[in-house]
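The values are calculated or read from the model by the stated rules, or taken from the named source; none is laboratory data. What you see is a predicted model; the values in this text were computed from it and never measured. A quick note on method: Cβ atoms are made from the backbone with ideal geometry, for glycine too, and the neighbour counts reach across all protein chains shown.
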């Protein structure tokens, strides 16, 4: 093995080691400050956030349905028929 082949191999191993260690630190929630010190990153409550987003999406769906159904032609027709029935009952 030549000197340059060994240098390329060592460089490749160093890069792979750096990538793997960075992935491990990210997965474990370990951050690094400007001085090179490590600290534990705050963990967010992902499940609670997902649940809240899902509930908000459901509420938006209901609000969209209310706003679109109240102004649809079918809804207007239904209201007109209901009013006509009520006017006929009054006779």
Which of the following residues is out of contact with any helix residue (DSSP H, G or I) (no Cβ under 6 Å at 6 or more places or on another chain) and at pLDDT 85 or above: 57, 79, 65, 91? 57
Please go through the range 25-37 and pick out each residue that is over 23 Å from the mean Cα position of the chain (by Cα) and surrounded by 10 or more Cβ atoms within 10 Å (Cβ to Cβ). 32
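Determine, yes or no, whether residue 49 is loosely packed, with under 10 Cβ neighbours inside 10 Å and either on the phi > 0 side of the Ramachandran plot or not assigned by TED's automatic domain parsing to the domain that holds residue 24 (or both). Explain how you work it out, then say what you get.
Values: loosely packed, with under 10 Cβ neighbours inside 10 Å: no; either on the phi > 0 side of the Ramachandran plot or not assigned by TED's automatic domain parsing to the domain that holds residue 24 (or both): yes.
No; evaluated as a whole, the condition is false for this residue.
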